Amino acid sequence: MPEIELRPFRPDDAVAVHALHLRHVAADHIDPHSTVAPLPDVDELRRRCEVANWAAVALDGSGGPVGWAMLISWTEDDGTTVRRADGYVAPPARRRGIGTRLLVATEAAARELAGEGVLAANASSVQPDRVALLQRHGYRRVFSLVEMVHDGQDRPLHPLPGGVAVRTATVGDAAALIGLTARAWAGRPFFIRPDEDGLRDWLARTDLSLFQVASTDNQLVGLVAAVPRAGFAEIVDVQTDPAFQRRGLASALVGRVVVELARRGAGPVRLHTEGDDPAGARSLYERLGFRTVREHGRYRKPASTPARPVTDPASEV
């Protein structure tokens, strides 16, 4: 077999890497409507390269790409620093140890960064090879996201709780929405509070006709935000103040936006939420007519875990 070379990922590699993904859409079971793991386009690959702590491309003997890997870091609200390995190996190049080489190299880059942290990686329910690779290297699933879809047909609306009014969101709601998010996610792991300036900028650039906020006399207590896509629509956020949880507010808000999307002929409605259902969101969406189409595991291990040596490339991804 030709020798595989790893070299730094350059922004101009994005075109060839994107073409590599396109050639294997069917074999990779790509979901064109995925809200969690859409097929990365050229600009997205360039952006990832630019923000990554480390990135490499795997080249075959002809100099063409057969895979890539990147390391991206962030710090969650509870102080956990996460070093996430992202990457891909084309189906014809699998079972040759390339995925293992890329993962080991990414972990080495993570360990060179200052500070403590955890190593992380993702794998979905249609990626058994990736799941097996991560498990062999000591990763364990800590939570998951499930993608859900609604057929887009309206259902009977749920009433709003007493004293709650609904209106279209405005850019001026940014600070209040940050406060709502902080209350809704207080004490929850795996969370990063959004930046107020970034949220305000996003609201300013977005069609807010499908961003609905619920309020009482003195504060915002709920949000549902949806965005039309090509051939479907996505509910990008649902927030409920703890004081109004399990009182029907989320059901009322989501039901209203589904009806409005149906009126506009937006097609199926997608969203994603935590698979283990710690706050009851998955159960809520199921009651509203959403069904699960794919699960995406989130895997982690301590950064201090020693790297696993490659002993038999034929058994590796």
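Could the peptides 240-246, 96-102 be put in order, highest first, of the mean number of other beta-carbon atoms found within 10 Å of their residues?
96-102, 240-246
How far is helix 174-184 tilted off the main Cα axis of the chain, in degrees rounded to 10, range 0 to 90?
Once rounded, the angle reads 80 degrees.
Using 0.36 nm per residue, how much length does the chain from Arg246 to Ser283 gain when fully extended, once their Cα-Cα distance is taken away?
Extending this stretch completely gives an extra 12.2 nm.
Per residue, what accessible area does the stretch 159-222 have, given a 1.4 Å probe and all protein chains present, in Å²? Provide the component values of the computation, followed by the final result.
Details: 3330 Å² over 64 residues.
Per residue, the stretch 159-222 has 52 Å² of solvent-accessible surface.
Nearest 0.05, what FRET efficiency do Glu76 and Ala114 give at R0 = 22 Å with Cβ-Cβ as r?
Computed FRET efficiency for Glu76 and Ala114: 0.80.
I need the shape label for the stretch 95-145. Rule: rounded when a/c is under 1.5, else prolate if a/b > b/c, else oblate, with a, b, c from the alpha carbon gyration tensor. Could the numbers behind the result be given before it?
Values: a/c = 2.67, a/b = 1.27, b/c = 2.10.
Since a/c reaches 1.5 but b/c is at least a/b, the shape of the stretch 95-145 is classed as oblate.
Subtracting the Cα-Cα distance from 0.36 nm times the residue separation, let me have the gained length for Gln135 to Val259 in nm, one decimal.
Values: separation 124, 0.36 × 124 = 44.64 nm, distance 4.24 nm.
Here the answer is 40.4 nm.
I'd like to compare 81-88, 150-157, 228-235: which one has the highest average count of other Cβ atoms within 10 Å, and what's the full order after that?
Details: 81-88: 20.6, 150-157: 14.2, 228-235: 17.5.
For the peptides 81-88, 150-157, 228-235, the packing ranking is 81-88, 228-235, 150-157.
For the pair Thr170/Ala204, report the inter-label distance in nm, with labels modelled 7 Å from Cα in the Cβ direction.
Each label point is offset 7 Å from its Cα along the Cβ direction, giving 1.6 nm.
Under a crude label model (7 Å from the Cα following the beta-carbon direction), how far is Val25 from Ile192 in nanometres?
According to this spin-label approximation, the distance is 2.9 nm.
Label the stretch 147-244 by shape, choosing from rounded, prolate and oblate, from the square roots a ≥ b ≥ c of the eigenvalues of the Cα gyration tensor; if a/c is under 1.5 it is rounded, and otherwise prolate applies when a/b is larger than b/c, oblate when it is not.
On the way: a/c = 1.38, a/b = 1.14, b/c = 1.21.
Since a/c stays below 1.5, the shape of the stretch 147-244 is classed as rounded.
How far, in nm, would the chain grow between Val126 and Asn53 when pulled straight, counting 0.36 nm per residue and subtracting the alpha carbon separation? Walk me through the numbers on the way to the answer.
Details: separation 73, 0.36 × 73 = 26.28 nm, distance 2.75 nm.
My answer for the length gained is 23.5 nm.
Taking the Cα centre of the chain as the origin, how large is its charge dipole in debye, to the nearest 20, when only Lys and Arg (+1) and Asp and Glu (-1) carry charge on their Cβ atoms?
Dipole magnitude for the chain comes out near 660 debye.
If R0 is 35 Å, what FRET efficiency do you get for Gln219 and Thr292 from their C-beta distance, rounded to 0.05?
Working: r = 33 Å, r/R0 = 0.95.
With R0 = 35 Å, the Cβ-Cβ based efficiency is 0.60.
Using a 1.4 Å probe over the heavy atoms of the protein chains, calculate the carbon and sulfur portion of the accessible area of the chain as a whole percent.
Carbon and sulfur: 52 percent of the exposed surface of the chain.
Which whole-number value in Å² is the accessible area per residue of the stretch 29-117, probe 1.4 Å?
Details: 3890 Å² over 89 residues.
For the stretch 29-117, the solvent-accessible area averages 44 Å² per residue.
About the Cα centre of the stretch 246-299, how large is the charge dipole given +1 on each Lys and Arg Cβ and -1 on each Asp and Glu Cβ? Please answer in debye to the nearest 20.
Numbers: 11 positive and 6 negative charges, 48 e Å.
Dipole about the Cα centre, nearest 20: 240 debye.
Report, to the nearest 10°, how far helix 42-51 tilts away from the longest principal axis of the Cα atoms in the chain, using its own Cα long axis and a range of 0 to 90°.
For 42-51 against the chain, the angle is about 80 degrees.
For the stretch 104-129 and the stretch 5-25, compute the distance between their C-alpha centroids and round to whole Å.
Between the Cα centres of the stretch 104-129 and the stretch 5-25 lies a distance of 20 Å.
Compute, for Val142, the solvent-accessible surface of its heavy atoms (probe 1.4 Å) with the complete set of protein chains present, and express it in square angstrom to the nearest 10.
60 Å²
Rounded, prolate or oblate: pick one for the stretch 103-179, where a ≥ b ≥ c are the square roots of the eigenvalues of its C-alpha gyration tensor, a/c under 1.5 means rounded, and failing that, prolate if a/b is larger than b/c, else oblate.
Numbers: a/c = 3.90, a/b = 1.82, b/c = 2.14.
Judged from the Cα gyration tensor, the stretch 103-179 comes out oblate (a/c at least 1.5, b/c at or above a/b).
The values are calculated or read from the model by the stated rules, or taken from the named source; none is laboratory data. Predicted model, so just to flag it, every value in this text is computed and none were measured. Don't worry about glycine lacking a Cβ; one is built from the backbone with ideal geometry, like all the others, and counts go over all protein chains shown. Please note that ligands, DNA and RNA were not included when accessible areas were found on the heavy atoms of the full protein model with its side chains. Shrake-Rupley method; radii C 1.70, N 1.55, O 1.52, S 1.80 Å.
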